[in-house]
Structure formats: C-alpha cells, structure tokens
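Heads up: the structure comes next, in structure tokens.
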Amino acid sequence: MKLCIPTTDCGGLDDTVCDHFGRAPTFTVVDTETNEVLVVKNRSEHMGGLGKPPEHIAKTGAKVLICAGLGPRAIDMLAGFGIEIFVGATGTVRDAMDMWKEGALTAATYDVACKEHQH
C-alpha cells in the first residue's frame with residue numbers, strides 16, 4: 001500500500017511533516033510493501049503550477065494520506081479519489097507512519113477539518 005505524507009523538503013523518511021497540506025513543498029510517498037520512497041514536488045496551483053494537490057497525490061497511486069491537518073474541500077477531493085485520510089501527524093515521515101500504524105491518528109472528517117481552510 002502507498003502512503004502519502006505532505007513534507008517540507010526532499011529528506012525521505014527523515015523529512016518533516018508539513019503543517020499546511022496544500023502548500024507543502026513536497027509529498028513523500030512510501031510503498032509499505034516494497035519500502036520504496038518517492039518524493040514528489042508539489043506542482044499544484046498552490047505552488048504556481050496547475051491542478052489541486054489531491055489530483056497530484058492520486059497520480060502517485062497513494063491510498064492513504066497522513067497529514068497534520070487539512071480543509072474540508074481537500075477531504076472531499078481526496079475521498080473522491082478513494083484515498084483514506086488521517087490527521088494529527090507530527091515529526092518526521094517515519095514518526096507519522098508509526099503513529100498511523102499504532103492507530104494514534106484521527107480519520108479526517110469535517111469535524112476535525114481546519115476551519116480556516118473552507119475554500
């Protein structure tokens with residue numbers, strides 16, 4: 001299974017989880033079966049490119065997004081692509097994956113969505 005985590009740079013498993021999903025400079029994708037790590041630059045409209053972040057994440061084949069938080073529109077778009085979303089991640093990519101494996105993260109719903117990101 002492929003997991004995607006919004007990150008601050010190109011550090012792979014040791015990179016830091018980005019606090020702002022849509023404006024994360026990179027997305028780190030980890031295949032839990034092969035341990036392959038792929039770092040994808042955020043080329044969405046938020047970063048001067050085209051498209052929305054969920055569209056770019058869907059192209060990676062990720063089935064789970066692990067992040068600090070995100071808005072309701074992103075939740076809708078990711079769910080539309082069949083991507084499960086978990087919020088509350090902090091630390092490194094490795095830390096966030098451990099939190100997910102331990103069940104320490106919250107499934108994303110409108111109740112836990114970032115209220116300032118209603119767009």
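The values are calculated or read from the model by the stated rules, or taken from the named source; none is laboratory data. Computed from a prediction, not measured in an experiment: that's the story for all the values here. Cβ: placed from backbone, ideal geometry, glycine included. Neighbour counts: every protein chain shown.
Would you confirm whether or not the range 27-38 contains a residue that is in contact with a Pro (Cβ under 6 Å, 6 or more places away or on another chain) and surrounded by fewer than 20 Cβ atoms within 10 Å (Cβ to Cβ)? Step through it out loud before you land on a result.
Of all residues in the range 27-38, those in contact with a Pro (Cβ under 6 Å, 6 or more places away or on another chain) come to 27.
So of that shortlist, the ones also surrounded by fewer than 20 Cβ atoms within 10 Å (Cβ to Cβ) come out as none.
No, there is no match, as no residue in the range 27-38 is in contact with a Pro (Cβ under 6 Å, 6 or more places away or on another chain) and surrounded by fewer than 20 Cβ atoms within 10 Å (Cβ to Cβ).
Restrict the check to the range 80-97 and report whether at least one residue is polar (S, T, N, Q) and at pLDDT 95 or above.
Step one: list which residues in the range 80-97 are polar (S, T, N, Q), which gives 90, 92.
Narrowing the set further to residues that are at pLDDT 95 or above leaves 90, 92.
Yes - at least one qualifying residue is present in the range 80-97.
Can you tell me which residue within the range 36-70, out of those that are among the small types (Gly, Ala, Ser) and free of Cβ contacts under 8 Å to residues at least 24 places away in the same chain, is nearest to THR26 (Cα to Cα)? Don't jump to the end; show me each part of the working.
Initial filter on the range 36-70 (among the small types (Gly, Ala, Ser)): 44, 48-49, 51, 58, 61-62, 68-69.
From the residues that got through so far, the ones that are free of Cβ contacts under 8 Å to residues at least 24 places away in the same chain too are 44, 48-49, 51.
On the way: SER44: 10, GLY48: 13, GLY49: 13, GLY51: 15 Å.
So the residue we want is SER44.
Given the conditions (1) at pLDDT 95 or above; (2) not in a strand (DSSP E or B), and given that THR28 satisfies all but one, which numbered condition is not satisfied?
Evaluating THR28 over (1) at pLDDT 95 or above; (2) not in a strand (DSSP E or B) leaves (2) as the failure.
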